[in-house]
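K.L.:
Sharing a structure, written as structure tokens. Questions coming.
The values are calculated or read from the model by the stated rules, or taken from the named source; none is laboratory data. What you are looking at is a predicted structure, and each value in this text was computed from that prediction instead of being measured. Note that each Cβ is placed from the backbone with ideal geometry, even for glycine, and that neighbours are counted across all protein chains shown.
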Amino acid sequence: MSILPILEVPDARLKTVSVPVKEFDAELKTLIEDMTDTMYDAHGIGLAAIQVGVPKRILVIDLQEAPEGEEAEKNPRVFINPEILDPSEELAGYKEGCLSVPEQYADVERPATIRARWQDIDGKTHEENMDGLMATCLQHEMDHLEGILFIDHLSRLKRQMVLKKLNKMRKERGVAA
Ligand code: GNR
Ligand code: NI
């Protein structure tokens, strides 16, 4: 197992449009294991391959929802070459964060429900209806495959405020460390 470094803004690689996976081989399985380890280590609920510098259409998600005071059981889900089918007109707002924009949060509105289609680690196709945090998270991760971050959904002013706060935090950390 390996924990991979996570790219952060303003790394230009985060703007890459990722390419479809064609080979469902041992190398893919190793990458997915490393992505899963990296997601848990960073306490994220999702991770796209481009966040660890690999421009391929691969996501891992684990919402890690557990009853109050209990530790969530690990149940990582893998989405390869995902697509969104019939997004709802109804939108849902969620306070989003991103491991590539560390410790910054802002409200983003997205379709409340979607139908998703994707391939698993063996190349088999699946479809499922999603709502709530799962719908939000899958759409956030799929944005990464197009080189889009949640801050790109904000007004220019709000985006600049978030990036300013991030730089302030980095400076303070830099002095303290
Ligand atoms: O850990 C994460 N939390 C989160 C919260 C609300 C909406 C989306 C997310 S995804 C994020 C991990 C991440 O950056 N994935 O790309
Ligand atoms: Ni993200």
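K.L.:
If you scan the stretch 137-156, which residues turn out to be near ligand 1 (Cβ under 9 Å from one of its atoms) and either buried (at least 21 other Cβ atoms within 10 Å of the Cβ) or not charged (D, E, K, R) (or both)?
P.N.:
CYS137, GLN139, HIS140, GLU141, HIS144, LEU149, PHE150
K.L.:
Quickly run through the stretch 1-34 and pick out the residues that are outside any loop (DSSP other than H, G, I, E, B), touching a Pro at 6+ places or on another chain (Cβ under 9 Å) and charged (D, E, K, R).
P.N.:
ARG13
K.L.:
For the stretch 35-98, please list each of the strands (runs of 3 or more DSSP E) lying entirely inside it that holds at least 3 residues being among the hydrophobic types (A, V, I, L, M, F, W, C).
P.N.:
Of the strands (runs of 3 or more DSSP E) lying wholly inside the stretch 35-98, those with at least 3 residues that are among the hydrophobic types (A, V, I, L, M, F, W, C) span 58-61, 77-85, 91-98.
K.L.:
Picking from ARG110, ARG115, which residue would you name as being assigned to a strand (DSSP E or B) and more than 10 Å from ligand 1 (Cβ to nearest atom)?
P.N.:
ARG115
K.L.:
Report whether or not ASP143 is under 21 Å from ALA48 (Cβ atoms), among the acidic types (Asp, Glu), away from ligand 2 (no atom under 16 Å from the Cβ) and at pLDDT 95 or above.
P.N.:
Spelling it out, it is not the case that ASP143 is under 21 Å from ALA48 (Cβ atoms), among the acidic types (Asp, Glu), away from ligand 2 (no atom under 16 Å from the Cβ) and at pLDDT 95 or above.
K.L.:
While we're here: Identify, by number, the condition in (1) surrounded by fewer than 16 Cβ atoms within 10 Å (Cβ to Cβ); (2) basic (Lys, Arg); (3) touching a residue at least 40 places away in the same chain (Cβ under 8 Å) that LYS74 doesn't meet.
P.N.:
Single failed check for LYS74: (3).
K.L.:
Give me the residue from the stretch 6-27 that is of a type in the set (A, V, I, L, M) and touching a residue at least 24 places away in the same chain (Cβ under 8 Å) and, out of that set, nearest to GLU146 (Cα to Cα).
P.N.:
VAL17
K.L.:
For the stretch 141-152, check the following and say yes or no: at least one residue is of a type in the set (A, V, I, L, M, F, W, C), part of a strand (DSSP E or B), closer than 23 Å to GLU65 by Cα and in contact with a helix residue (DSSP H, G or I) (Cβ under 8 Å, 6 or more places away or on another chain).
P.N.:
no
K.L.:
Among the residues of the stretch 53-64, how many are within 12 Å of ligand 1 (Cβ to nearest atom) and either in contact (Cβ under 8 Å) with a residue 60 or more places away in the chain or closer than 15 Å to LEU149 by Cβ (or both)?
P.N.:
So the count comes out to 3.
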